[in-house]
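Undergrad: Submitted below is the structure of interest, expressed as structure tokens.
The values are calculated or read from the model by the stated rules, or taken from the named source; none is laboratory data. Everything numeric here is computed off the predicted structure, so don't read it as measured data. Cβ placement follows ideal geometry from the backbone for every residue including glycine, while neighbour counts extend to all protein chains displayed. We work out accessible area using only protein heavy atoms, side chains counted, and drop any ligands, DNA or RNA first. Shrake-Rupley method; radii C 1.70, N 1.55, O 1.52, S 1.80 Å.
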Amino acid sequence: MLMSRYRRLSLALLSCTALLASGCANLATTAATYKPAPVYSGTPVIPKGPLSQLDTAQTTQKVPVAATQPPKDMWERIRRGFAMPDVAGKDVDSRIDWYASRPDYIERMSERSSRYIFYIVDELERRRMPSELALLPFIESAFNPQAVSRAKAAGMWQFMPATGRSFDLRQNSFRDDRRDVVASTNAALDYLESLHQQFGDWHLALAAYNWGQGNVRRAIARNKAAGKGTGYLDLRMPAETRMYVPKLQAVKNIVGNPSVHSVTLPSIPNHPFFDVVTLDKDIDVALAAEFAGVSEADFRTLNPSLKHPVILANGTPTVLLPWDNAADFKLKLKAHPGPLATWTAYVVKNNVKPRDLAKFVGMSESELRRVNNIPPRMLVRKGSTVLVKRSTNKTANVTEYVADNAQLALAPEFSKLKIRVKPGDTLSGLAAKYGVSVNALAQWNNLKGKHHIRVGQRLIVQLR
């Protein structure tokens, strides 16, 4: 669905670039409240014969006309779509000063955003949402799709695990869709749309995005009960949420008029950076990057949800590629004569030691541990999905169920049991009781000499 939606947008862009780029669905530059653009409901004027200039007097009613001059870059396109009411004050001023005093930081953020911002603005315009929201990843993650917060929020839009799952952003051993550029952007805009519908105010929607909709509802209810205002500036909220809108406003002000704040914004072309390409077979990341003519690091920058060296077609059926490289990728993919993937997934049947599992799947223990991030002294539990080398006779794709639900569960290789020596116990007797050797029991408890034990002494037994 995400792929077909983006393809429709891409075709529309290619067929009417001037109209789309000019912001034909633009929102008002300033507004006290957000309102969708009016929809023309009159009879369309359809020319007959060769096209010629249409004079306004020829029409029977006023017809809205889009500007024909496209924005020179993405910053101008974003400015044309500003539609949220402005906030002002010392909090906004302090954040403007903070950003303006860090030109290197603005440069890095802008460079990162250049890969993704065209798609975000396209989606906002399609949904008729304020273009300020395209700047939200600047304050959420500095446009870093690999960003992870202390609270475990991840991706450009900083989805918490539970919120991500509620918007069908899969998080498993093979991928984390909270980092997926297209999936997370659409989920974030879906979420923001629903919050705006709920609260009827973009500033309250943003507060709910940061703080949680339940907290905002309760804060509004408290103010109503106390006879106080219920706007964003009226509510009592954590400092982080209180600063959330001022931070966005500061970035908006800088983008809106960078020269006033002595800021130079690097130009970002008003053109898609990536194209979406469909995969029908599992393929190694290294091979996909080679087909795309980019480094593996650059490939992963556009596809940051991937965790492993293989892309599973039934889990990640599309990849993002630099716009100019997509056609060449498709040709090379079609012409490739051999297998595309050297890795596959294996579901573990029983609790197993990594060295035994490695021997079973024909890999070295060190490679199995490295590629699956298995730490020392841990067992792989039954039902876990691990990445293993694909045998030459196995060509089928990993199933959709495994690709969507793969998890790696680990357990300590040894469990420790504490026992107390009772009258009549001997070291050999205890070793036999718990199925361990006398020497091992003595070593675990640092027993010297003839391994004497005494009544009441505490011993540790490590069970396999």
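Undergrad: Pick from the range 175-230 the residues that are among the basic types (Lys, Arg) and under 19 Å from the mean Cα position of the chain (by Cα): which of them is most open to solvent (accessible area, probe 1.4 Å)? Break it down into steps so the answer makes sense when it comes.
TA: The first filter runs over the range 175-230 and keeps only residues among the basic types (Lys, Arg), leaving 175, 178-179, 217-218, 222, 224, 228.
Cutting the leftovers down to under 19 Å from the mean Cα position of the chain (by Cα) gives us 175, 178-179.
Details: Arg175: 16, Arg178: 22, Arg179: 39 Å².
Selected residue: Arg179.
Undergrad: Working only within the range 384-409, note down all residues that are out of contact with any strand residue (DSSP E or B) (no Cβ under 7 Å at 6 or more places or on another chain) and surrounded by 14 or more Cβ atoms within 10 Å (Cβ to Cβ). Before the answer, list the steps.
TA: Going through the range 384-409, the residues out of contact with any strand residue (DSSP E or B) (no Cβ under 7 Å at 6 or more places or on another chain) turn out to be 384, 391-393, 395-397, 399-401, 403-405, 409.
The answer is Ser384, Asn397, Thr399, Ala403, Asp404, Asn405, Ala409.
Undergrad: A follow-up question, please. Considering only the range 154-168, how many residues are open to solvent by 30 Å² or more (accessible area, probe 1.4 Å) and part of a helix (DSSP H, G or I)?
TA: Number of matching residues: 5.
Undergrad: Pairs under 8 Å by beta carbon, first residue in contact (Cβ under 8 Å) with a residue 12 or more places away in the chain in the range 223-238, partner in a loop (DSSP other than H, G, I, E, B) and of a type in the set (Val, Ile, Thr), six or more apart or different chains?
TA: Asn223/Thr230; Tyr232/Val87; Leu233/Val87
Undergrad: Just for the range 232-254: of the residues that are exposed (fewer than 13 other Cβ atoms within 10 Å of the Cβ) and closer than 25 Å to Thr163 by Cα, which one is nearest to the chain's Cα centre (by Cα)?
TA: Glu240
Undergrad: Can you name the residue in the range 313-329 that is within 23 Å of His271 (Cα to Cα) and either out of contact with any strand residue (DSSP E or B) (no Cβ under 9 Å at 6 or more places or on another chain) or charged (D, E, K, R) (or both) and is also least open to solvent (accessible area, probe 1.4 Å) among such residues?
TA: If we filter the range 313-329 for residues that are within 23 Å of His271 (Cα to Cα), which is where we start, we get 318-329.
Then keep just the ones that are either out of contact with any strand residue (DSSP E or B) (no Cβ under 9 Å at 6 or more places or on another chain) or charged (D, E, K, R) (or both); that gives 324, 328.
Details: Asp324: 131, Asp328: 73 Å².
If we take residues in the range 313-329 being within 23 Å of His271 (Cα to Cα) and either out of contact with any strand residue (DSSP E or B) (no Cβ under 9 Å at 6 or more places or on another chain) or charged (D, E, K, R) (or both), then Asp328 is least open to solvent (accessible area, probe 1.4 Å).
Undergrad: Return yes when Asp280 is charged (D, E, K, R), under 26 Å from Asn405 (Cα atoms) and touching a Pro at 6+ places or on another chain (Cβ under 7 Å) and no when it is not. Full working, then the answer.
TA: Numbers: charged (D, E, K, R): yes; under 26 Å from Asn405 (Cα atoms): yes; touching a Pro at 6+ places or on another chain (Cβ under 7 Å): no.
Taking the combined requirement at face value, the residue does not satisfy it.
Undergrad: What do you reckon, is Arg128 open to solvent by 50 Å² or more (accessible area, probe 1.4 Å), on the phi > 0 side of the Ramachandran plot and modelled with pLDDT of 95 or more? Give the derivation first.
TA: Values: open to solvent by 50 Å² or more (accessible area, probe 1.4 Å): yes; on the phi > 0 side of the Ramachandran plot: yes; modelled with pLDDT of 95 or more: yes.
Answer is yes for this residue.
Undergrad: State all residues of the range 273-312 that are in a loop (DSSP other than H, G, I, E, B), among the small types (Gly, Ala, Ser) and crowded, with 21+ Cβ neighbours inside 10 Å; if no residue qualifies, say none. Before the answer, list the steps.
TA: Taking the range 273-312 as the starting set, the residues that turn out to be in a loop (DSSP other than H, G, I, E, B) are 273, 279-282, 293-295, 303-305, 307-309, 312.
Those left that are additionally among the small types (Gly, Ala, Ser): 293, 295, 305.
Result: Ser305, single match.
Undergrad: I would also like to ask the following. For the structure I just gave you, tell me whether Asn144 is free of Cβ contacts under 8 Å to residues at least 40 places away in the same chain, more than 24 Å from Val276 (Cα to Cα) and open to solvent by 10 Å² or more (accessible area, probe 1.4 Å).
TA: Details: free of Cβ contacts under 8 Å to residues at least 40 places away in the same chain: yes; more than 24 Å from Val276 (Cα to Cα): no; open to solvent by 10 Å² or more (accessible area, probe 1.4 Å): yes.
It is false that Asn144 is free of Cβ contacts under 8 Å to residues at least 40 places away in the same chain, more than 24 Å from Val276 (Cα to Cα) and open to solvent by 10 Å² or more (accessible area, probe 1.4 Å).
Undergrad: Here's another thing I want to ask about it. Select from the range 76-130 the residues that are aromatic (Phe, Trp, Tyr) and assigned to a helix (DSSP H, G or I) and write down the one among them that is nearest to Val276 (Cα to Cα). Give the derivation first.
TA: In the first step, residues of the range 76-130 are kept if they are aromatic (Phe, Trp, Tyr); the result is 82, 98-99, 105, 116, 118-119.
Checking which are assigned to a helix (DSSP H, G or I) leaves us with 98-99, 105, 118-119.
Values: Trp98: 36, Tyr99: 33, Tyr105: 29, Phe118: 13, Tyr119: 11 Å.
Among them, the one singled out is Tyr119.
Undergrad: Here are some residues: Gln457, Gln443. Which one is of a type in the set (S, T, N, Q) and in contact with a strand residue (DSSP E or B) (Cβ under 9 Å, 6 or more places away or on another chain)? Outline the logic, then answer.
TA: Details: Gln443 fails: in contact with a strand residue (DSSP E or B) (Cβ under 9 Å, 6 or more places away or on another chain).
Step by step, each of Gln457, Gln443 is checked, and only Gln457 is of a type in the set (S, T, N, Q) and in contact with a strand residue (DSSP E or B) (Cβ under 9 Å, 6 or more places away or on another chain).
Undergrad: Can you name every residue in the range 319-348 that is over 16 Å from Val388 (Cβ atoms) and aromatic (Phe, Trp, Tyr)?
TA: Residues of the range 319-348 over 16 Å from Val388 (Cβ atoms): 319-338, 340.
Answer for the range 319-348, where residues must be over 16 Å from Val388 (Cβ atoms) and aromatic (Phe, Trp, Tyr): Trp323, Phe329.
Undergrad: Of the residues Thr241, Thr230, only one is assigned to a loop (DSSP other than H, G, I, E, B), among the hydroxyl-bearing types (Ser, Thr, Tyr), modelled with pLDDT of 95 or more and in contact with a helix residue (DSSP H, G or I) (Cβ under 6 Å, 6 or more places away or on another chain); which?
TA: Working: Thr241 fails: assigned to a loop (DSSP other than H, G, I, E, B).
Exactly one residue qualifies, and that residue is Thr230.
Undergrad: So, one more: If you scan the range 416-456, which residues turn out to be under 54 Å from the mean Cα position of the chain (by Cα), surrounded by 11 or more Cβ atoms within 10 Å (Cβ to Cβ) and not in a helix (DSSP H, G or I)? Break it down into steps so the answer makes sense when it comes.
TA: Keep residues of the range 416-456 that are under 54 Å from the mean Cα position of the chain (by Cα), which gives 416-420, 430-447.
Add one more test, that the residue is surrounded by 11 or more Cβ atoms within 10 Å (Cβ to Cβ), and what stays is 417, 419, 430-434, 436-445, 447.
Answer for the range 416-456, where residues must be under 54 Å from the mean Cα position of the chain (by Cα), surrounded by 11 or more Cβ atoms within 10 Å (Cβ to Cβ) and not in a helix (DSSP H, G or I): Leu417, Ile419, Val436, Ser437, Asn445, Leu447.
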